Each structure stands twice: as C-alpha cells, then as structure tokens.
Amino acid sequence: MFVDTHCHIDSYERHAGESFDTLLARLPHDSDPTIRPPEAFIHVACDPQDFDYARELSEKYENVYAAYGIHPEYVETETSDDEKRMVEMLSHPKCRACGEFGLDYHYGADTREAQTKLFERHLQLGLASGKPLVLHLREADDDALAILRNADLRNSKIHVHCFTGTRDFAERLLALDAEIFIGFTGIVTFKNAVNVREAAEIVPDNRMLLETDAPYMAPVPYRGKPCHSGYIPYIAKTLAETRKTPVEEIYRLCRENTRNCYGI
C-alpha cells in the first residue's frame, strides 16, 4: 500500500478534464497493470482561493486529507486575511500539514526579497501550529538553508516536497535540526534528472516519501500527460532501482515514513 503524500486534486480535474470521482472509479481497472490506486491522498491547497474546496474534499472522502499553505507564486497578491484563513484551516480535523510554502527562484527570481520575507513569516506560522511543514524549494538552496538554520526547528517534521536539487543540497537539508523528509515525484524517472537520482541514493531509509505533485510531472512512460496518484508505482520502481533495493521495501519504508510524518 502507498499514500500519495502530495497532490493537487483540483488542478488534476482541470488539466485532465476528468472528475476525481471518475479517476477513483477507473484506477482499479486501468489497462496498465502497474497503475494502482493509493491508500490515501494528501491534497495540498496552496492558493487561498482553493482552501474551501480542499476542506470540502477532505470532508467528503474518508481517505483524502488536506494541507494548507500559500505558494511563493502568490507573494505579490497574498493578504493578511489569506494568512488568517490559512491558520484557521490548520485546525481542521482532516488537516495534516501546513504548506506548501517556500521559495521559487525558477519563475520568481525578480521577487527574491519579498519571497524570503514571506517564507520567514509562514515558517513561523507553520511552526507555531505544531503541524508538519511542506516546503517548496526550487533553485533557492542558499537562501532556503539560511532561513531554516535561523529558525527553531526542534521537534518539527518537514517534508521538502518534489525534490529537484542536488545530492549536496539533500545532505545539507538532512543535517538540519528537524525530521526532514525528502519527497520524490515523477522527476526521478526523467532521463536528465541524474542529480535527483544521486540525491535519492543517500537519503536515509526513514526519510523518503512518495508523491506525485499531480497533475504535474508525470513519470516516464507518461511524461507530458496529466499526472495522477496511480502513477506512484513508476516512481517507486525507479527509487528501488536507484537504491538497489527491492521495490516492496521502498513501499514498506515510505508507508512507515508517511505514518511518522503525517500520522496517516
């Protein structure tokens, strides 16, 4: 069994032109035997406009949980009211984390200063909630580490989601004074993602998580198509090959890590 620890169900519905109910109905019967439905989903709402939909999803489906945060792409539009609503959502019984939030210099290099200030503020809000944190860190290694090292991370659980960095960045993250979990998506299957596979080789057994970031970055052989949670077996297979570990062991380890990080 496995859990998709990070997906965006609303975005999947828009990209795929298919409802979540339709996806759930067809996953167990897909013509590709590798595709399987997950045991549970963590739906991540990182646009304040999607908070209510995330709450409704988590209340409708027993195996859908939610995380609430504000993505760095909203650095110039998010408001104090948005932050207040985020904090309120963190107390919902189906909420499992605060996030995703963080830094993204790939698309937002011109807003670096504003992003770092927002990251610092949201990091404190997340830590105060006592929830696990979900971080989006893209092409911002040094600034991210400086901010994290300056915070009191003791006793916190942090999921660095959709890891795209280097082995060195993974090592420096894992050295932080927190339980750092590294999430691997379909990117690990991409031919040019050598850096991600090199990082996957050194992440400890008890710090790996499986995720899709659906509907983005579907794994090979479905690259370019809308990604969904049923593709996780392709991610697990590549992790097993990279780490020279039986795929059953990857599933077992990541399932236990999900329980440890998210209580699911």
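The values are calculated or read from the model by the stated rules, or taken from the named source; none is laboratory data. Just so we're clear, the structure is a prediction, and the values are computed from it rather than from any experiment. Methodologically, a virtual Cβ is constructed for each residue, glycine included, from the backbone with ideal geometry; neighbour enumeration extends over all protein chains shown. In case anyone asks, the SASA skips ligands and DNA or RNA and just uses the protein heavy atoms, side chains included. Shrake-Rupley method; radii C 1.70, N 1.55, O 1.52, S 1.80 Å.
Cβ-Cβ contacts under 6 Å between residues 6 or more apart (or on different chains), taken from a first residue in the stretch 187-214 that is polar (S, T, N, Q) to a second residue that is open to solvent by 40 Å² or more (accessible area, probe 1.4 Å) and part of a loop (DSSP other than H, G, I, E, B), are listed as T189/V220; N195/T166. The C-beta contact set for the stretch 24-53 (first residue within 13 Å of H228 (Cα to Cα), second residue part of a helix (DSSP H, G or I) and of a type in the set (A, V, I, L, M), distance under 6 angstrom, 6+ apart or interchain) comprises P37/L27; H43/I9; H43/A54; H43/L57.
Could you list, in sequence order, all residues of the stretch 231-248 that are open to solvent by 60 Å² or more (accessible area, probe 1.4 Å) and in a helix (DSSP H, G or I)? Once the filter is applied, which keeps residues that are open to solvent by 60 Å² or more (accessible area, probe 1.4 Å) and in a helix (DSSP H, G or I), the stretch 231-248 yields K237, E241, E248. Taken together, the criteria place E39 among residues that are under 21 Å from H159 (Cα atoms), surrounded by fewer than 21 Cβ atoms within 10 Å (Cβ to Cβ) and not β-branched (V, I, T). The set of residues in the stretch 156-187 that are under 17 Å from A236 (Cβ atoms) and either in a loop (DSSP other than H, G, I, E, B) or over 16 Å from the mean Cα position of the chain (by Cα) (or both) comprises H161, C162, F163, T185. The sole residue among E62, E100 that is without any contact (Cβ under 8 Å) to a residue 60 or more places away in the chain and either more than 24 Å from P215 (Cβ to Cβ) or not hydrophobic (A, V, I, L, M, F, W, C) (or both) is E62.
Considering (1) surrounded by fewer than 20 Cβ atoms within 10 Å (Cβ to Cβ); (2) over 20 Å from Y216 (Cβ atoms); (3) not basic (K, R), the lone condition that S58 does not fulfil carries the number (1).
Among what's in the stretch 188-199 and is part of a helix (DSSP H, G or I) and either open to solvent by 10 Å² or more (accessible area, probe 1.4 Å) or out of contact with any Ser or Thr (no Cβ under 7 Å at 6 or more places or on another chain) (or both), pick the residue that is nearest to R138 (Cα to Cα).
So the residue we want is N195.
Look through the stretch 126-155, keep the residues that are outside any helix (DSSP H, G or I) and acidic (D, E), and return whichever of them is farthest from the chain's Cα centre (by Cα). By that ranking, first place goes to D152. The listed residues are C227, C261, C254, and the only one of them that is in contact (Cβ under 8 Å) with a residue 12 or more places away in the chain, surrounded by 20 or more Cβ atoms within 10 Å (Cβ to Cβ) and part of a loop (DSSP other than H, G, I, E, B) turns out to be C227.
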